[in-house]
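Trainee: Structure provided below as structure tokens; questions to follow.
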């Protein structure tokens, strides 16, 4: 195949007549020999997996792609907002972010968001993980916002988490890793956790969302029973008893009902059993709040132990594709979490009608 005037995927320079050219045996991608030796391997592993050739996807001499490539060479794409900028710009004219040095004329160009999606949603091999971090780190000095799209949240991929690497932890967590990875590092190195507001508000729903099914089910059932008990006590006992107290205090000639008057009347005119039933809804609310606090304080530390245990178990099983297994077993269960929220809302509405 004649590669004259075609571009080397590494340096983006066109091949000349006397250039020493090597070709990838798997996809047929051409390289300058020095460029290939410097990189050490083909930069198109996606073509190897899909069994496509370089000429089918990246050959810039194709008539259909020619106009697009000629147009792209004059622009730099902002990695933060996606704005097209003149190639001479140093910063984005829309958001002010530093622009990357390479542009879309490079056939293997991917902005940081595309890199992040590829890393977190696909199942790369170890070489691809190394390539991802190499590219991410190389753009750090050019993009001041790189931390916000770093899936590791600034944690090294080879960071040790009780026998599990940082890259493996990130692959298992998948969703919201910029939050969880620094938290995990703090738990491991300083034995200090961080309050999880999502777990505080969602309680068992958060645990089920994070695929911690056993503890998530236990907490969800407990929360549901507390909610049910509160509604039943209010509906069958407390509401009528408090209504009698308010009526009695009002008929006694008090012009303004204060909490002090109401509680004084209740404690002086009701039996201990009646007082217990009247105060029970408040006690159940306190228990529910305590349960939420426990979830908020314990969630991150428990999730850390869950991740380490599951990943270690996967690695110990010795499957053919450990990275893929970690990705499949980890992540989140969004449908289940939404189903729990809908059930809770339906139950709350039903209780209010009792």
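Each value in this text was obtained by applying a stated rule to the coordinates, not by laboratory testing. On a predicted model such as this, the values are computed, not experimentally measured, just so you know. Neighbour counts run over all protein chains shown; Cβ positions are idealised from the backbone, glycine included.
Trainee: So if I take the centroid of the Cα atoms in region 190-262 and the same for region 328-344, what is the distance between those two points in Å?
Mentor: If you average the Cα positions of each part, the centres end up 24 Å apart.
Trainee: For region 1-61, just run the numbers: alpha carbon Rg, then divide by 2.2 N^0.38 Å, N being how many residues it has.
Mentor: 1.03
Trainee: To the nearest 0.05, what FRET efficiency results for residue 4 and residue 324 with a Förster distance of 51 Å applied to their C-beta separation?
Mentor: After rounding to 0.05, the efficiency reads 0.80.
Trainee: Right, something else. On the first, second and third principal axes, largest extent first, how far apart are the outermost C-alpha atoms of region 198-352 in Å?
Mentor: If we take the Cα atoms of region 198-352, the spans are 81, 27, 25 Å.
Trainee: Semi-axes of region 267-354's equivalent ellipsoid from the Cα gyration tensor, sqrt of 5 times each eigenvalue, largest first, rounded to whole Å?
Mentor: They are 45, 18, 8 Å, listed from largest to smallest.
Trainee: Then there is this: What's the ranking of 162-169, 267-274 by average number of surrounding C-beta atoms within 10 Å, highest first?
Mentor: Highest mean packing first, the order is 162-169, 267-274.
Trainee: Tell me, what is the FRET efficiency for residue 195 and residue 22 to the nearest 0.05, using R0 = 45 angstrom and their Cβ-Cβ distance as r?
Mentor: Working from the Cβ atoms, E equals 0.25.
Trainee: As an exercise, use a Förster radius of 41 Å and the Cβ-Cβ distance of residue 264 and residue 298 to find the FRET efficiency, rounded to the nearest 0.05.
Mentor: 0.55
Trainee: How far, in nm, would the chain grow between residue 52 and residue 317 when pulled straight, counting 0.36 nm per residue and subtracting the alpha carbon separation?
Mentor: Using 0.36 nm per residue and subtracting the Cα-Cα distance, I get 92.1 nm.
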